[in-house]
Amino acid sequence: MSTHTSPDRTTARPGTDELLRVTGLEKHFPITRGAFIRRTVGAVRAVDGVDLTVATGETLGLVGESGCGKSTTGRLISRLLRPTGGSIVFDGRDITDLSVRRMRPLRREIQMIFQDPYSSLNPRHTVGTIVGAPLRVQDIPTPHGVKRAVQELLELVGLSPEHYNRYPHEFSGGQRQRIGIARALALRPKLIVADEPVSALDVSIQAQVVNLLDDLQRELGLTYVFIAHDLSVVKHICDRVAVMYLGKVVEVAPRDALYATPLHPYTLALLSAVPVPDPDRRDRAQRERILLTGDVPSPVDPPSGCRFRTRCWKARERCERETPALRELAGGHLVACHFPVEDAERTPRGRIAAHLAAADVAPATTTPA
Amino acid sequence: MTVGPVTPSTETPSADEPAAVEGRSLGRIAWARLRRDRVALDGGITVLLLILVAALAPLINRVFGHPVNEYHQDRIDPNLGGIPPVGTWGGISSEFLLGVQPVTGRDLFSQILYGAQTSLLIAFAATVLAVVIGIVVGVSAGFFGGWLDSLFSRFMDLILAFPLILFAIALISVLPPTRAFRTAVMIVVIGGFSWPYIGRIVRGQTLSLREREFVESARSIGAGNVRIIVKELLPNLAAPILVYATLIIPTNILFEAALSFLGVGVPPPTPSWGRLLSDAVQYYEYDPTYMVVPGMAIFVTVLAFNLFGDGLRDALDPKANR
Ligand SMILES: Nc1ncnc2c1ncn2[C@@H]1O[C@H](COP(=O)(O)OP(=O)(O)OP(=O)(O)O)[C@@H](O)[C@H]1O
Ligand code: SF4
Ligand SMILES: [Mg+2]
């Protein structure tokens with residue numbers, strides 16, 4: 001990704017107003033058996049106690065492996081799903097249990113950008129219909145007509161207003177994602193939840209779309225929750241990053257603190273897996289890469305205590321017994337681990353040691369699904 | 001809005017002509033594909049001709065035929081027991097284009113012509129009924145899921161497993177045999193039993209469409225279920241519904257013919273291909289042409305609809321059969 005300099009990103013928390021506060025958020029999907037008489041035989045604990053805050057104007061990255069509950073968290077925040085526990089406070093208002101009808105006017109303030117640029121645009125609608133839909137559904141007054149409003153939005157995201165009558169299949173993945181962004185902007189939301197907005201795109205186009213989102217944020221004063229499955233994508237756009245593992249947040253920190261001094265072993269492992277562009281350093285990076293052995297345990301029956309313990313090379317008896325709470329170790333740097341990563345482990349020697357130790361973690365300790 | 005474009009797009013549209021402002025919809029692309037499919041096109045033209053023929057039957061008959069129930073005893077050979085028509089090939093001549101019926105000497109051309117009316121009317125009406133029920137049930141089952149889906153799915157299985165012909169015979173034979181009433185009952189019976197084919201397709205498509213992100217997106221802008229079904233799902237269901245409707249029409253034509261053949265179709269004297277065929281069975285030794293003519297009418301019609309339907313499916317979903 002291109003080097004992208006943003007002036008005041010290092011100081012984190014640009015605004016101090018809290019726009020979103022998520023506390024103990026849970027989403028358990030019931031697993032049912034039987035056609036007519038449904039019995040609940042268990043639950044997928046997709047999101048299982050997530051705490052987050054997002055300040056006005058900042059970008060919070062939400063990172064984790066596939067299946068850890070990032071999308072579910074995003075859908076809960078934008079209330080496409082109803083939480084089974086915890087609370088969501090948006091702009092001072094508790095939206096946890098709002099009905100579909102009561103939620104409707106609030107939809108203007110929280111919008112989503114979706115991952116798949118192919119399935120997120122209805123193939124039977126023109127770009128004009130797609131981008132204009134939010135204005136129509138929400139009855140937004142448009143002084144110069146919906147068409148003008150849509151064309152302005154298209155220009156805003158770097159598309160030609162001429163594209164108004166075209167169909168999604170006539171565009172490339174990156175352009176489709178811009179259409180999705182235009183649709184999300186139509187209602188002038190305060191918060192945008194972007195669920196892996198660039199994961200499906202070519203690497204060369206990813207940077208363009210990330211830069212577009214960054215520029216839009218500055219011009220329109222947007223707040224983002226930016227979901228990604230690896231730490232390299234969020235590095236350039238996020239002010240703070242939250243790392244998720246198996247339905248829980250394991251570490252939250254200002255961007256630079258997280259990349260420089262990760263405290264959770266899982267974050268350290270993720271960081272060591274970030275691709276190194278420089279070929280001279282690639283070899284060494286390979287030796288220091290902490291490979292996570294075994295699969296992610298099933299969210300139906302997560303491990304007791306610390307959920308990462310089945311893959312953690314630092315796990316001890318206490319980790320099995322006691323669930324580590326998310327606690328603040330440095331300014332704004334929170335971690336949920338009994339034995340956080342120490343400075344020695346971040347040296348090249350420490351990383352190689354971790355690399356070897358991680359390779360030794362017996363995969364048999366993972367709970368079968 | 002005062003903000004201008006922030007990041008100019010460096011990608012170009014994948015469409016060829018940059019000047020064209022109007023986009024090419026999937027429907028227009030499908031039409032372009034269909035136009036290149038000779039077989040399907042021939043099927044489609046035949047279907048159109050058949051519809052035209054059925055609609056203009058009285059007009060065509062006035063020019064080329066004779067009144068439906070006019071007896072032409074002079075066309076029956078008295079030397080052979082008064083059964084087969086005069087001449088070879090069932091009495092086909094420039095005056096009687098498809099020959100005459102044995103014994104009565106009625107014009108077969110007019111029987112086939114009006115038979116097409118009966119056949120297509122019942123088949124089309126039954127298909128419309130099937131499509132309406134199929135959409136309602138299929139969309140509800142697929143979209144709302146849960147117990148409603150279980151209920152509707154089991155119900156569709158039940159209907160498809162039903163001994164249909166027996167039921168139809170039993171039902172129709174106990175009802176009053178007036179023409180209008182029989183026609184209505186046949187439409188209801190045929191439509192009422194063919195909708196699960198549409199229902200299943202619609203349910204399956206709805207299930208997969210429901211998971212697409214554009215449905216989530218519609219929810220996230222505050223659209224309700226009705227809007228999502230009407231504006232987001234139905235436009236995507238139109239193509240498969242059109243294809244399967246085209247493909248159940250010939251099945252319904254055969255069904256109507258079968259019921260008429262078994263004597264529980266529209267009552268005489270309303271012409272029907274199925275009844276002509278069952279009538280011909282008695283005379284096939286004297287006059288085989290009498291059997292071939294309605295048989296060919298049914299065969300050509302069914303084939304034309306099937307070829308057109310298959311072509312339509314290929315054109316609308318090129319991945320399906322290739
Ligand atoms: N509607 C649902 N019903 C049942 N289980 C679900 C549902 N949605 C998600 N899950 C499960 O919840 C878990 C978390 O899913 P989620 O989509 O939030 O993960 P994710 O972190 O976004 O992963 P990815 O990177 O693959 O998008 C997964 O195990 C998934 O199978
Ligand atoms: S709590 Fe224990 S098992 Fe969990 S991450 Fe920390 S050291 Fe590893
Ligand atoms: Mg996801």
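When chain B is modelled as a GNM with alpha-carbon springs shorter than 10 Å, which of B:LEU50, B:LEU207, B:LEU158 fluctuates the most?
B:LEU158
In square angstrom and rounded to 100, what buried accessible area do you get between chains A and B, total over both, with the probe at 1.4 Å?
Values: alone 17460 and 17870 Å², together 31070 Å².
Interface area, both chains combined: 4300 Å², rounded to the nearest 100.
Compute the angle between helix B:164-174 and the longest alpha-carbon principal axis of chain B, please, reported from 0 to 90 degrees and rounded to the nearest 10.
60
By accessible area of protein heavy atoms, probe 1.4 Å, what ranking do A:HIS229, A:HIS144, A:HIS333 get, highest first?
On the way: A:HIS229 85, A:HIS144 120, A:HIS333 5 Å².
Most to least solvent-accessible, the answer reads A:HIS144, A:HIS229, A:HIS333.
When the solvent-accessible surface of protein heavy atoms is calculated with a 1.4 angstrom probe, in what order do B:ARG36, A:ARG183 fall, highest first? Spell out each step's value before the answer.
Working: B:ARG36 180, A:ARG183 20 Å².
Largest accessible area first, the residues go B:ARG36, A:ARG183.
Carbon and sulfur together cover what percent of the accessible area of the protein assembly as shown at a 1.4 Å probe radius?
Numbers: 18330 of 31070 Å².
That fraction is 59 percent.
Straight-line reach from A:LYS70: which lysines fall under 19 Å, measuring Cα to Cα and dropping same-chain residues less than 8 apart?
A:LYS27, A:LYS235, A:LYS248
Taking square-rooted eigenvalues a ≥ b ≥ c of the alpha carbon gyration tensor, is segment A:152-278 rounded, prolate or oblate, where a/c under 1.5 means rounded and, failing that, a/b exceeding b/c means prolate?
Numbers: a/c = 2.49, a/b = 1.89, b/c = 1.31.
Prolate is the answer for segment A:152-278, as a/c is 1.5 or above and a/b outweighs b/c.
Using a Gaussian network model on chain B with a 10 Å cutoff between Cα atoms, which of B:PRO235, B:PRO294, B:PRO102 fluctuates the most?
Highest fluctuation of the listed residues: B:PRO235.
Tell me, which residues of segment B:231-253 get at least 10 Å² less accessible area when the other protein chains come in, versus the chain alone (1.4 Å probe)?
B:LYS231, B:GLU232, B:PRO235, B:ASN236, B:ALA239
Averaged over A:164-172, how many beta carbons belonging to a partner chain fall within 10 Å of each residue's beta carbon? Don't skip to the end; give the middle numbers.
On the way: counts 3, 6, 8, 8, 3, 7, 8, 7, 5.
Per residue, the number of nearby Cβ atoms from other chains is 6 on average.
What do you get for the angle between helix A:145-156 and the principal long axis of chain A? Use alpha-carbon atoms, 0 to 90 degrees, nearest ten.
40
Amide H of A:VAL44: which non-local residues (sequence gap of 5 or more, or other chain) have their own amide H closer than 5 Å, using H built in the peptide plane?
When sequence neighbours closer than 5 places are left aside, the close amide H contacts are A:PHE29, A:ILE31.
Calculated FRET efficiency, B:ARG38 and B:ILE60, Cβ-Cβ r, R0 35 Å, to nearest 0.05? Numbers along the way, then the final one.
Values: r = 27 Å, r/R0 = 0.78.
Approximately 0.80, to the nearest 0.05.
To check you understand DSSP bridge types, tell me what percent of the beta bridges within chain A (both residues inside) are antiparallel, rounded to 5.
Working: 31 of 49 bridges.
Bridges in chain A that DSSP calls antiparallel: roughly 65 percent.
No partner Cβ under 4.7 angstrom, meaning no disulfide-compatible partner by this rule: which Cys of chain A qualify?
A:CYS68, A:CYS238, A:CYS312, A:CYS337
Counting only other chains, what is the mean number of Cβ atoms within 10 angstrom of the Cβ of each residue in peptide A:128-134? Intermediate values should be presented prior to the final figure.
Working: counts 1, 2, 3, 0, 0, 8, 6.
What the average comes to for A:128-134 is 3.
What is the angle, in °, between the Cα long axis of helix A:348-360 and the longest principal axis of the Cα atoms in chain A? Nearest 10 is fine, range 0 to 90.
80
Residues of chain A: accessible area per residue at 1.4 Å, in Å²? The partial results should precede the final answer.
On the way: 15440 Å² over 369 residues.
Accessible area per residue: 42 Å².
Order B:TYR284, A:TYR224, B:TYR114, most accessible first, counting only protein heavy atoms with a 1.4 angstrom probe.
Numbers: B:TYR284 125, A:TYR224 5, B:TYR114 50 Å².
Solvent-accessible surface, decreasing: B:TYR284, B:TYR114, A:TYR224.
With springs only between Cα atoms under 10 Å, which of A:VAL131, A:VAL335, A:VAL300 fluctuates most in a Gaussian network model of chain A?
Evaluated over chain A, the most mobile residue of the options is A:VAL300.
Determine the principal axes of the Cα atoms in chain A, then give the extent along each, sorted from largest to smallest and rounded to whole angstroms.
Rounded to whole Å, the extents work out to 66, 61, 39 Å.
Once you have a ≥ b ≥ c as the square roots of the Cα gyration tensor eigenvalues for segment A:162-205, tell me rounded if a/c is under 1.5, and otherwise prolate or oblate according to whether a/b is larger than b/c.
On the way: a/c = 2.88, a/b = 1.11, b/c = 2.59.
Oblate, since a/c reaches 1.5 and b/c is not below a/b.
State to the nearest 20 debye the size of the charge dipole of segment B:40-316 about its Cα centre, where the only charges are +1 on K and R beta carbons and -1 on D and E beta carbons.
Numbers: 15 positive and 18 negative charges, 185 e Å.
So the magnitude is around 880 debye.
At a 1.4 Å probe, which residues in segment A:60-89 are at least 10 Å² less accessible with all protein chains present than in their chain isolated?
Flagged in segment A:60-89: A:ARG75, A:LEU80.
The values are calculated or read from the model by the stated rules, or taken from the named source; none is laboratory data. Values in this document were obtained by computation on a predicted structure and should not be read as measured data. Glycine also receives a Cβ, built like all others from the backbone with ideal geometry; neighbour counts cover every protein chain displayed. Side chains are part of the model used for accessible areas, which takes the heavy atoms of the whole protein and leaves out ligands, DNA and RNA. Shrake-Rupley method; radii C 1.70, N 1.55, O 1.52, S 1.80 Å.
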